[in-house]
Amino acid sequence: MLNNAIENLHTEGRYRTFIDIERTRGHFPHAVWNKPDGSKAPVTVWCGNDYLGMGQHPVVLAAMHEALEATGAGSGGTRNISGTTVYHKRLEAELADLHGKDAALLFTSAYIANDATLSTLPKLFPGLIIYSDALNHASMIEGVRRNGGAKRIFRHNDVAHLRELIAADDPSVPKLIAFESVYSMDGDFGPIKEICDVAEEFGALTYLDEVHAVGMYGPRGGGIAERDGLMHRVDIINGTLAKAYGVMGGYIAASPKMCDAIRSYAPGFIFTTSLPPAVAAGAAASVAHLKHDQVLRDTHQTQAKILKLRLKSLGLPIIDHGSHIVPLIVGDPKHTKKLSDMLLNEFGIYVQPINFPTVTRGTERLRFTPSPVHGPREIDALVSALDNLWSHCALNRAELTG
(Lines give C-alpha, C1' and ligand atoms only; values in the text may rest on other atoms or scores of the structure.)
Protein backbone atom coordinates (compact mmCIF):
# COMPACT_ATOMS: atom_id res chain seq x y z
CA MET A 1 0.00 0.00 0.00
CA LEU A 2 2.84 2.40 0.80
CA ASN A 3 4.57 1.54 -2.47
CA ASN A 4 1.36 2.19 -4.39
CA ALA A 5 0.77 5.51 -2.66
CA ILE A 6 4.29 6.73 -3.40
CA GLU A 7 4.26 5.37 -6.96
CA ASN A 8 1.05 7.29 -7.66
CA LEU A 9 2.86 10.53 -6.84
CA HIS A 10 5.69 9.61 -9.20
CA THR A 11 3.24 8.76 -11.97
CA GLU A 12 1.42 12.07 -11.59
CA GLY A 13 4.66 14.03 -11.40
CA ARG A 14 3.84 15.23 -7.89
CA TYR A 15 6.52 13.38 -5.90
CA ARG A 16 8.44 15.89 -3.81
CA THR A 17 12.16 15.70 -3.17
CA PHE A 18 14.23 17.49 -0.55
CA ILE A 19 17.01 19.70 -1.89
CA ASP A 20 19.81 19.61 0.68
CA ILE A 21 21.24 23.12 0.94
CA GLU A 22 23.70 24.80 3.28
CA ARG A 23 22.91 28.39 4.09
CA THR A 24 25.89 30.54 5.01
CA ARG A 25 25.38 33.60 7.17
CA GLY A 26 25.96 36.80 5.24
CA HIS A 27 25.68 35.13 1.82
CA PHE A 28 21.96 34.42 1.51
CA PRO A 29 20.28 33.97 -1.00
CA HIS A 30 23.40 32.14 -2.16
CA ALA A 31 23.89 28.69 -0.68
CA VAL A 32 25.57 25.35 -1.35
CA TRP A 33 23.65 22.42 -2.78
CA ASN A 34 24.72 19.02 -1.45
CA LYS A 35 23.97 16.89 -4.51
CA PRO A 36 22.84 13.26 -4.26
CA ASP A 37 26.16 12.04 -5.70
CA GLY A 38 28.07 13.65 -2.81
CA SER A 39 29.37 16.64 -4.77
CA LYS A 40 28.58 20.25 -4.01
CA ALA A 41 27.38 23.10 -6.22
CA PRO A 42 26.53 26.78 -5.64
CA VAL A 43 22.85 27.72 -5.87
CA THR A 44 20.71 30.82 -5.50
CA VAL A 45 17.58 30.22 -3.44
CA TRP A 46 14.47 31.74 -5.03
CA CYS A 47 11.75 29.98 -3.06
CA GLY A 48 12.62 30.72 0.56
CA ASN A 49 10.17 32.17 3.07
CA ASP A 50 12.84 34.23 4.84
CA TYR A 51 11.31 37.14 2.95
CA LEU A 52 13.46 39.93 4.37
CA GLY A 53 16.66 38.03 5.14
CA MET A 54 16.11 38.46 8.89
CA GLY A 55 17.37 34.92 9.49
CA GLN A 56 20.90 36.30 9.16
CA HIS A 57 20.36 39.78 10.63
CA PRO A 58 22.92 40.75 13.31
CA VAL A 59 20.22 41.97 15.70
CA VAL A 60 18.48 38.60 15.61
CA LEU A 61 21.65 36.56 15.90
CA ALA A 62 22.95 38.64 18.82
CA ALA A 63 19.69 38.14 20.74
CA MET A 64 19.76 34.40 20.11
CA HIS A 65 23.40 34.07 21.18
CA GLU A 66 22.73 36.01 24.37
CA ALA A 67 19.70 33.88 25.29
CA LEU A 68 21.47 30.64 24.42
CA GLU A 69 24.40 31.48 26.68
CA ALA A 70 22.06 32.57 29.45
CA THR A 71 19.56 29.70 29.40
CA GLY A 72 20.88 26.77 27.39
CA ALA A 73 19.23 24.98 24.49
CA GLY A 74 15.65 23.97 25.27
CA SER A 75 12.74 25.39 27.24
CA GLY A 76 12.42 22.28 29.39
CA GLY A 77 8.67 21.85 29.17
CA THR A 78 5.28 22.99 28.04
CA ARG A 79 4.17 26.54 28.74
CA ASN A 80 2.15 25.27 31.71
CA ILE A 81 4.97 23.17 33.14
CA SER A 82 8.26 25.08 33.43
CA GLY A 83 8.36 26.12 29.76
CA THR A 84 7.47 29.81 30.15
CA THR A 85 10.43 32.18 30.38
CA VAL A 86 11.00 35.90 30.26
CA TYR A 87 11.79 35.48 26.55
CA HIS A 88 8.39 33.98 25.77
CA LYS A 89 6.61 36.73 27.70
CA ARG A 90 8.69 39.41 26.00
CA LEU A 91 7.85 38.01 22.58
CA GLU A 92 4.11 37.88 23.33
CA ALA A 93 4.23 41.49 24.52
CA GLU A 94 5.97 42.54 21.28
CA LEU A 95 3.34 40.71 19.20
CA ALA A 96 0.39 42.17 21.09
CA ASP A 97 1.84 45.65 20.61
CA LEU A 98 2.49 44.95 16.93
CA HIS A 99 -1.19 44.24 16.25
CA GLY A 100 -2.71 46.78 18.64
CA LYS A 101 -4.13 44.04 20.86
CA ASP A 102 -3.97 43.60 24.59
CA ALA A 103 -2.63 40.03 24.44
CA ALA A 104 -0.92 37.46 22.25
CA LEU A 105 -0.37 33.73 22.55
CA LEU A 106 2.72 31.98 21.20
CA PHE A 107 2.67 28.58 19.44
CA THR A 108 5.42 26.44 17.93
CA SER A 109 4.22 27.29 14.40
CA ALA A 110 1.53 29.28 12.63
CA TYR A 111 0.09 25.97 11.39
CA ILE A 112 -0.41 24.85 14.99
CA ALA A 113 -1.75 28.28 15.95
CA ASN A 114 -4.42 28.09 13.23
CA ASP A 115 -5.28 24.44 13.80
CA ALA A 116 -5.39 24.69 17.59
CA THR A 117 -7.36 27.93 17.73
CA LEU A 118 -9.96 27.16 15.06
CA SER A 119 -10.54 23.65 16.40
CA THR A 120 -10.98 24.99 19.95
CA LEU A 121 -13.35 27.90 19.32
CA PRO A 122 -16.53 25.73 19.11
CA LYS A 123 -15.77 24.51 22.63
CA LEU A 124 -15.85 28.12 23.78
CA PHE A 125 -18.82 29.19 21.65
CA PRO A 126 -21.29 26.27 21.52
CA GLY A 127 -23.09 26.08 18.19
CA LEU A 128 -20.46 28.22 16.47
CA ILE A 129 -20.62 28.36 12.66
CA ILE A 130 -17.33 29.10 10.90
CA TYR A 131 -17.42 30.75 7.48
CA SER A 132 -14.16 29.91 5.72
CA ASP A 133 -12.72 31.28 2.47
CA ALA A 134 -12.39 28.52 -0.14
CA LEU A 135 -8.66 29.17 -0.56
CA ASN A 136 -7.71 29.33 3.10
CA HIS A 137 -4.45 27.64 4.10
CA ALA A 138 -4.41 23.93 4.91
CA SER A 139 -3.89 24.69 8.61
CA MET A 140 -7.11 26.71 8.74
CA ILE A 141 -8.99 24.04 6.80
CA GLU A 142 -7.75 21.37 9.20
CA GLY A 143 -8.72 23.40 12.26
CA VAL A 144 -12.21 24.02 10.91
CA ARG A 145 -12.58 20.37 9.89
CA ARG A 146 -11.53 19.00 13.26
CA ASN A 147 -13.63 21.24 15.46
CA GLY A 148 -16.79 19.20 15.01
CA GLY A 149 -18.91 22.29 14.52
CA ALA A 150 -20.80 23.69 11.56
CA LYS A 151 -18.93 25.27 8.68
CA ARG A 152 -19.74 27.16 5.50
CA ILE A 153 -17.27 27.63 2.63
CA PHE A 154 -17.63 30.87 0.69
CA ARG A 155 -16.14 31.40 -2.75
CA HIS A 156 -12.69 32.94 -2.68
CA ASN A 157 -12.83 36.65 -1.79
CA ASP A 158 -16.56 36.66 -2.70
CA VAL A 159 -18.10 38.90 -0.05
CA ALA A 160 -21.56 38.69 -1.65
CA HIS A 161 -21.47 34.90 -1.34
CA LEU A 162 -20.31 35.19 2.27
CA ARG A 163 -23.16 37.55 3.06
CA GLU A 164 -25.64 35.22 1.37
CA LEU A 165 -24.45 32.27 3.48
CA ILE A 166 -24.38 34.13 6.76
CA ALA A 167 -27.79 35.74 6.17
CA ALA A 168 -29.34 32.30 5.70
CA ASP A 169 -28.30 31.08 9.15
CA ASP A 170 -30.01 31.56 12.50
CA PRO A 171 -29.12 35.08 13.69
CA SER A 172 -28.89 33.90 17.31
CA VAL A 173 -26.13 31.36 16.59
CA PRO A 174 -22.51 32.49 17.21
CA LYS A 175 -20.52 33.01 14.01
CA LEU A 176 -16.90 33.49 12.95
CA ILE A 177 -15.41 34.42 9.56
CA ALA A 178 -11.94 32.98 8.82
CA PHE A 179 -9.89 34.42 5.96
CA GLU A 180 -6.41 35.59 4.95
CA SER A 181 -4.83 38.93 4.11
CA VAL A 182 -2.34 37.67 1.49
CA TYR A 183 -3.01 34.33 -0.17
CA SER A 184 0.34 32.65 -0.63
CA MET A 185 -0.13 30.85 -3.94
CA ASP A 186 -1.57 33.67 -6.10
CA GLY A 187 -0.38 36.58 -3.98
CA ASP A 188 -3.81 38.25 -3.94
CA PHE A 189 -5.28 40.22 -1.05
CA GLY A 190 -8.33 39.46 1.02
CA PRO A 191 -11.09 42.14 1.21
CA ILE A 192 -10.61 42.80 4.92
CA LYS A 193 -12.77 45.92 5.18
CA GLU A 194 -15.71 44.39 3.33
CA ILE A 195 -15.54 41.18 5.38
CA CYS A 196 -15.42 43.20 8.60
CA ASP A 197 -18.50 45.10 7.42
CA VAL A 198 -20.38 41.82 7.00
CA ALA A 199 -19.13 40.58 10.36
CA GLU A 200 -20.35 43.69 12.14
CA GLU A 201 -23.70 43.56 10.36
CA PHE A 202 -24.34 40.01 11.54
CA GLY A 203 -22.49 40.06 14.85
CA ALA A 204 -19.77 37.63 13.76
CA LEU A 205 -16.21 37.33 15.04
CA THR A 206 -13.35 37.76 12.56
CA TYR A 207 -10.24 35.57 12.27
CA LEU A 208 -7.51 36.90 9.97
CA ASP A 209 -4.41 34.98 8.90
CA GLU A 210 -1.62 37.52 8.25
CA VAL A 211 1.16 34.94 7.84
CA HIS A 212 2.37 36.23 4.47
CA ALA A 213 2.03 39.88 5.46
CA VAL A 214 3.42 40.39 8.98
CA GLY A 215 6.74 42.20 9.00
CA MET A 216 6.31 43.27 5.37
CA TYR A 217 3.24 45.50 5.22
CA GLY A 218 2.07 48.38 7.36
CA PRO A 219 4.16 51.17 8.92
CA ARG A 220 5.40 48.80 11.66
CA GLY A 221 5.02 45.47 9.88
CA GLY A 222 1.64 44.68 11.39
CA GLY A 223 0.34 43.34 8.07
CA ILE A 224 -2.34 44.36 5.62
CA ALA A 225 -4.81 45.12 8.41
CA GLU A 226 -2.34 47.66 9.82
CA ARG A 227 -1.61 49.07 6.36
CA ASP A 228 -5.32 49.63 5.78
CA GLY A 229 -6.10 50.87 9.30
CA LEU A 230 -8.30 47.87 10.12
CA MET A 231 -6.55 46.04 12.98
CA HIS A 232 -9.08 47.28 15.53
CA ARG A 233 -11.89 45.65 13.54
CA VAL A 234 -10.34 42.16 13.54
CA ASP A 235 -10.93 40.00 16.63
CA ILE A 236 -8.18 37.39 16.19
CA ILE A 237 -5.03 37.83 14.10
CA ASN A 238 -2.78 34.89 13.28
CA GLY A 239 0.83 35.36 12.26
CA THR A 240 4.14 33.58 11.86
CA LEU A 241 7.69 34.18 13.03
CA ALA A 242 9.17 31.89 10.37
CA LYS A 243 8.80 34.07 7.28
CA ALA A 244 9.48 37.81 7.38
CA TYR A 245 10.86 37.52 10.92
CA GLY A 246 13.31 34.81 9.87
CA VAL A 247 13.06 32.54 12.92
CA MET A 248 10.34 30.06 13.94
CA GLY A 249 6.97 29.98 15.67
CA GLY A 250 3.41 31.20 15.27
CA TYR A 251 0.90 33.15 17.33
CA ILE A 252 -2.49 34.70 17.70
CA ALA A 253 -3.11 38.26 18.88
CA ALA A 254 -6.49 39.02 20.42
CA SER A 255 -8.20 40.13 23.63
CA PRO A 256 -6.80 38.87 26.96
CA LYS A 257 -9.92 36.74 27.52
CA MET A 258 -9.68 35.16 24.08
CA CYS A 259 -6.01 34.31 24.52
CA ASP A 260 -6.65 33.01 28.04
CA ALA A 261 -9.46 30.76 26.85
CA ILE A 262 -7.42 29.32 23.95
CA ARG A 263 -4.47 28.85 26.30
CA SER A 264 -6.68 26.96 28.72
CA TYR A 265 -8.62 24.76 26.29
CA ALA A 266 -6.49 24.12 23.16
CA PRO A 267 -4.66 20.75 23.26
CA GLY A 268 -2.28 22.01 20.57
CA PHE A 269 -1.07 24.60 23.06
CA ILE A 270 -1.40 22.75 26.35
CA PHE A 271 0.50 19.59 25.42
CA THR A 272 3.30 21.03 23.25
CA THR A 273 6.80 21.85 24.46
CA SER A 274 7.37 25.57 24.15
CA LEU A 275 9.83 27.19 21.77
CA PRO A 276 13.47 27.26 22.92
CA PRO A 277 14.22 30.52 24.74
CA ALA A 278 16.89 31.43 22.18
CA VAL A 279 14.33 31.15 19.36
CA ALA A 280 11.85 33.30 21.29
CA ALA A 281 14.56 35.87 21.96
CA GLY A 282 15.56 36.03 18.29
CA ALA A 283 11.95 36.37 17.20
CA ALA A 284 11.30 39.17 19.71
CA ALA A 285 14.37 41.04 18.47
CA SER A 286 13.24 40.60 14.86
CA VAL A 287 9.70 41.85 15.56
CA ALA A 288 11.06 44.85 17.47
CA HIS A 289 13.55 45.70 14.74
CA LEU A 290 11.05 45.52 11.89
CA LYS A 291 8.70 47.90 13.66
CA HIS A 292 11.20 50.59 12.63
CA ASP A 293 12.97 49.32 9.49
CA GLN A 294 10.82 50.68 6.68
CA VAL A 295 13.81 50.74 4.33
CA LEU A 296 13.96 46.94 4.36
CA ARG A 297 10.23 46.70 3.60
CA ASP A 298 10.50 49.22 0.78
CA THR A 299 13.49 47.41 -0.75
CA HIS A 300 11.59 44.15 -0.62
CA GLN A 301 8.64 45.59 -2.53
CA THR A 302 10.96 47.22 -5.07
CA GLN A 303 12.73 43.95 -5.83
CA ALA A 304 9.40 42.15 -6.26
CA LYS A 305 8.15 44.82 -8.66
CA ILE A 306 11.36 44.67 -10.70
CA LEU A 307 11.20 40.89 -11.01
CA LYS A 308 7.56 40.94 -12.09
CA LEU A 309 8.25 43.66 -14.65
CA ARG A 310 11.19 41.73 -16.08
CA LEU A 311 9.23 38.46 -16.34
CA LYS A 312 6.25 40.23 -17.92
CA SER A 313 8.56 41.71 -20.52
CA LEU A 314 9.37 38.14 -21.60
CA GLY A 315 5.69 37.37 -21.96
CA LEU A 316 5.78 34.78 -19.19
CA PRO A 317 2.43 33.92 -17.55
CA ILE A 318 2.97 35.28 -14.07
CA ILE A 319 0.22 36.32 -11.65
CA ASP A 320 0.52 39.87 -10.33
CA HIS A 321 -1.89 41.06 -7.66
CA GLY A 322 0.51 43.66 -6.31
CA SER A 323 2.03 41.61 -3.50
CA HIS A 324 5.58 40.34 -3.06
CA ILE A 325 4.72 36.81 -4.27
CA VAL A 326 5.57 36.00 -7.90
CA PRO A 327 3.86 32.84 -9.25
CA LEU A 328 4.79 31.59 -12.72
CA ILE A 329 2.03 29.32 -14.02
CA VAL A 330 3.23 26.22 -15.86
CA GLY A 331 0.01 24.20 -15.70
CA ASP A 332 1.32 20.65 -15.63
CA PRO A 333 3.05 18.84 -12.73
CA LYS A 334 5.60 16.99 -14.87
CA HIS A 335 6.56 20.09 -16.81
CA THR A 336 6.80 22.09 -13.60
CA LYS A 337 9.14 19.54 -12.07
CA LYS A 338 11.24 19.37 -15.23
CA LEU A 339 11.57 23.13 -15.39
CA SER A 340 12.54 23.24 -11.71
CA ASP A 341 15.16 20.51 -12.24
CA MET A 342 16.64 22.28 -15.27
CA LEU A 343 16.89 25.58 -13.44
CA LEU A 344 18.73 23.84 -10.62
CA ASN A 345 21.03 21.58 -12.66
CA GLU A 346 21.88 23.93 -15.51
CA PHE A 347 21.71 27.38 -13.90
CA GLY A 348 22.15 26.86 -10.15
CA ILE A 349 18.73 28.38 -9.43
CA TYR A 350 16.62 26.66 -6.79
CA VAL A 351 12.84 27.08 -6.94
CA GLN A 352 10.56 24.29 -5.76
CA PRO A 353 7.59 23.10 -7.88
CA ILE A 354 4.15 23.85 -6.43
CA ASN A 355 1.65 21.12 -7.31
CA PHE A 356 -1.71 19.71 -6.20
CA PRO A 357 -2.99 19.69 -3.46
CA THR A 358 -1.26 22.98 -2.59
CA VAL A 359 -2.79 24.43 -5.77
CA THR A 360 -5.61 23.13 -7.97
CA ARG A 361 -4.77 20.78 -10.83
CA GLY A 362 -3.91 22.62 -14.01
CA THR A 363 -2.44 25.60 -12.14
CA GLU A 364 0.89 24.02 -11.18
CA ARG A 365 3.55 26.67 -10.86
CA LEU A 366 6.94 27.90 -9.79
CA ARG A 367 6.59 30.48 -7.01
CA PHE A 368 9.41 32.99 -6.70
CA THR A 369 9.91 34.95 -3.50
CA PRO A 370 12.28 37.87 -4.10
CA SER A 371 13.84 39.53 -1.08
CA PRO A 372 15.96 42.61 -0.36
CA VAL A 373 19.07 40.46 -0.81
CA HIS A 374 18.08 39.36 -4.33
CA GLY A 375 19.90 42.10 -6.19
CA PRO A 376 20.32 42.96 -9.90
CA ARG A 377 22.84 40.14 -10.44
CA GLU A 378 20.49 37.48 -9.07
CA ILE A 379 17.48 38.87 -10.95
CA ASP A 380 19.45 39.05 -14.22
CA ALA A 381 20.53 35.42 -13.83
CA LEU A 382 16.98 34.22 -13.14
CA VAL A 383 15.41 36.16 -16.00
CA SER A 384 18.08 34.96 -18.43
CA ALA A 385 17.62 31.33 -17.36
CA LEU A 386 13.84 31.45 -17.70
CA ASP A 387 14.09 33.13 -21.08
CA ASN A 388 16.50 30.43 -22.23
CA LEU A 389 14.42 27.51 -21.00
CA TRP A 390 10.99 28.84 -21.93
CA SER A 391 11.90 29.90 -25.45
CA HIS A 392 14.75 27.80 -26.77
CA CYS A 393 15.27 24.40 -25.18
CA ALA A 394 13.40 21.14 -25.73
CA LEU A 395 10.93 22.15 -23.06
CA ASN A 396 9.45 24.76 -25.40
CA ARG A 397 6.71 27.23 -24.66
CA ALA A 398 3.92 25.10 -26.15
CA GLU A 399 4.89 22.10 -24.03
CA LEU A 400 5.16 24.17 -20.87
CA THR A 401 1.75 25.74 -21.26
CA GLY A 402 0.12 22.42 -22.09
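The values are calculated or read from the model by the stated rules, or taken from the named source; none is laboratory data. Quick caveat: nothing in here was measured; it's all calculated off a predicted structure. Cβ placement follows ideal geometry from the backbone for every residue including glycine, while neighbour counts extend to all protein chains displayed. Surface areas here come from the heavy atoms of the whole protein model, side chains and all, with no ligands, DNA or RNA. Shrake-Rupley method; radii C 1.70, N 1.55, O 1.52, S 1.80 Å.
Residues in segment 161-183 that are among the small types (Gly, Ala, Ser) and surrounded by 22 or more Cβ atoms within 10 Å (Cβ to Cβ): Ala178, Ser181. Within segment 33-85, the residues that satisfy the criterion of being assigned to a loop (DSSP other than H, G, I, E, B), open to solvent by less than 40 Å² (accessible area, probe 1.4 Å) and over 15 Å from Leu290 (Cβ atoms) are Trp46, Cys47, Gly48, Gly72, Ser75, Gly77, Arg79, Gly83, Thr85.
Filter segment 1-29 down to residues that are in contact (Cβ under 8 Å) with a residue 60 or more places away in the chain and either assigned to a strand (DSSP E or B) or under 22 Å from Pro58 (Cβ atoms) (or both) and give me whichever is least open to solvent (accessible area, probe 1.4 Å). This residue is Pro29. Residues in segment 163-179 that are in contact with a helix residue (DSSP H, G or I) (Cβ under 8 Å, 6 or more places away or on another chain) and either within 19 Å of Leu135 (Cα to Cα) or not in a helix (DSSP H, G or I) (or both): 8 in all. Taking segment 323-362 as the range and being out of contact with any Gly (no Cβ under 6 Å at 6 or more places or on another chain), within 16 Å of Val45 (Cβ to Cβ) and part of a loop (DSSP other than H, G, I, E, B) as the test, the residues that pass are His324, Gly348, Val351, Gln352.
Inside segment 188-238, residues that are within 30 Å of Ser172 (Cα to Cα) and not aliphatic (A, V, I, L, M) make up a count of 19.
Filtering segment 305-328 to residues that are over 22 Å from the mean Cα position of the chain (by Cα) and of a type outside the set (A, V, I, L, M) leaves Arg310, Lys312, Ser313, Gly315, Pro317. Please indicate, with yes or no, whether at least one residue in segment 92-103 is among the small types (Gly, Ala, Ser), open to solvent by 30 Å² or more (accessible area, probe 1.4 Å) and in contact with a His (Cβ under 7 Å, 6 or more places away or on another chain). The answer is yes; a qualifying residue exists. Residues satisfying the criterion are absent from segment 340-357 (criterion: in contact with a strand residue (DSSP E or B) (Cβ under 8 Å, 6 or more places away or on another chain), open to solvent by 30 Å² or more (accessible area, probe 1.4 Å), small (Gly, Ala, Ser) and on the phi < 0 side of the Ramachandran plot).
Look at (1) at negative phi; (2) under 15 Å from the mean Cα position of the chain (by Cα) and you find that Arg163 fails only one, number (2).
Quick grid of which residues meet (1) modelled with pLDDT under 95; (2) touching a Ser or Thr at 6+ places or on another chain (Cβ under 7 Å); (3) open to solvent by less than 30 Å² (accessible area, probe 1.4 Å); (4) not aliphatic (A, V, I, L, M):
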residue: Leu290; (1), (2), (3), (4): no, no, yes, no
residue: Leu296; (1), (2), (3), (4): no, no, no, no
residue: His300; (1), (2), (3), (4): no, yes, yes, yes
residue: Leu311; (1), (2), (3), (4): no, no, yes, no
residue: Leu314; (1), (2), (3), (4): yes, no, no, no
residue: Lys337; (1), (2), (3), (4): yes, no, no, yes
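Looking only at segment 111-133, how many residues end up being open to solvent by less than 10 Å² (accessible area, probe 1.4 Å) and part of a helix (DSSP H, G or I)? Selection size over segment 111-133: 7.
Do we find a residue being closer than 25 Å to Thr108 by Cα, in contact with a strand residue (DSSP E or B) (Cβ under 6 Å, 6 or more places away or on another chain) and β-branched (Val, Ile, Thr) anywhere in segment 311-318? Walk me through how you get there before you give the answer.
Pass one, segment 311-318, residues closer than 25 Å to Thr108 by Cα: none.
No, that holds for no residue.
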